[in-house]
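**Q** For reference, the structure I am asking about is given below.
The values are calculated or read from the model by the stated rules, or taken from the named source; none is laboratory data. Quick caveat, the model's predicted, so the values are computed rather than measured. Positions of Cβ are generated from backbone atoms using ideal geometry, with glycine treated the same way; all protein chains shown enter the neighbour counts. Surface accessibility is based on the protein's heavy atoms, side chains included, excluding ligands, DNA and RNA. Shrake-Rupley method; radii C 1.70, N 1.55, O 1.52, S 1.80 Å.
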Amino acid sequence: MNGTLYGVGLGPGDPDLITLKTARLIEAATTIAYPTLAGAESFARAIAAELIQAGTKEIRMDVPMSTERQPAQDAYDQGAAQIAATLDTG
């Protein structure tokens, strides 16, 4: 893999409480990935919205709500494959 992957936390849900390091990483990112409830807007993305630069590639992982583990696992596996492909391109 040629790219660099950073996993960041967004704090307790208030955009004003994101750490400075997380804010810098999001602002500098060329690609971001985040989960959503299938068919809904992402709460995680909404928290970071003001930090995401125009032109940033976004990988949405639409995770279905289900008591079964497999549908969610499939969504995460597809997201992981997209992230890996992006990392391979640098």
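**Q** Go through region 58-76 and give me each residue that's farther than 19 Å from residue 9 by Cα and either hydroxyl-bearing (Ser, Thr, Tyr) or open to solvent by 80 Å² or more (accessible area, probe 1.4 Å) (or both).
**A** Of everything in region 58-76, those that are farther than 19 Å from residue 9 by Cα and either hydroxyl-bearing (Ser, Thr, Tyr) or open to solvent by 80 Å² or more (accessible area, probe 1.4 Å) (or both) turn out to be 65, 66, 67, 68, 69, 70.
**Q** Among the helices (runs of 4 or more DSSP H) lying completely within the chain, list those that include at least 3 residues that are at pLDDT 95 or above and among the small types (Gly, Ala, Ser).
**A** In the chain, 69-88 are the helices (runs of 4 or more DSSP H) which contain 3 or more residues that are at pLDDT 95 or above and among the small types (Gly, Ala, Ser).
**Q** It is to be established whether one or more residues within region 37-49 are over 15 Å from the mean Cα position of the chain (by Cα) and either among the hydroxyl-bearing types (Ser, Thr, Tyr) or surrounded by fewer than 16 Cβ atoms within 10 Å (Cβ to Cβ) (or both).
**A** yes
**Q** Follow-up question, since we're still on this one. Would you please list the contacts, defined by Cβ atoms under 8 Å and residues six or more apart or on different chains, that run from a residue in region 12-32 that is at negative phi to a residue that is open to solvent by 80 Å² or more (accessible area, probe 1.4 Å)?
**A** As it stands, the answer is 15/50; 25/6; 27/53; 29/6; 29/53; 30/57; 31/57; 32/57, since those pairs meet every condition given.
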